[in-house]
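Engineer: Quick one: the structure is below, questions incoming.
Values quoted throughout were computed directly from the atomic coordinates according to the rules given, and no laboratory measurement underlies them. Every value quoted in this text rests on a predicted model; they were computed, and no experiment measured them. Cβ sites come from the backbone with ideal geometry, for glycine too, and all protein chains shown count toward neighbours.
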Amino acid sequence: MTSILPDGYAVRLDWPVARHGGVRHEFTQFTTSLRRALRRAVGTQRYWATGPVRPLAVTVVPIGRADYDAHGRDCASLTCPTMAPLLGLAPAGAVEGTALPGPPS
């Protein structure tokens, strides 16, 4: 992933991989609006809730449009965007002390 500042958000779906015991993910529904991304995540979660196969997690992640377009399906990379920045946490592999400030206590 190459974007330094994301220009949007996507819904991230994490899927179990039974044959490997791991997790794969994909990004869907890119938008520039955090509010719209959150609504889409709720709709996506509702859609999959009644099916025989369900994602392990449905989250919203900050991501640049170029990275979203270049990202393949069935990805297992640990360096792909997560929701950590939206929670005020440093993404996996980030240097200590680089976390975004969290909400005031």
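Engineer: Name the single residue, out of those in region 1-53 being charged (D, E, K, R) and more than 19 Å from ASP67 (Cβ to Cβ), that is surrounded by the fewest Cβ atoms within 10 Å (Cβ to Cβ).
Structural biologist: ARG19
Engineer: Right, next: Would you be able to tell me the number of residues in region 19-52 that are of a type outside the set (S, T, N, Q), farther than 18 Å from LEU78 by Cα and outside any strand (DSSP E or B)?
Structural biologist: Qualifying residue count for the region: 17.
Engineer: How many of the residues in region 1-57 are out of contact with any Leu (no Cβ under 7 Å at 6 or more places or on another chain) and acidic (Asp, Glu)?
Structural biologist: 1
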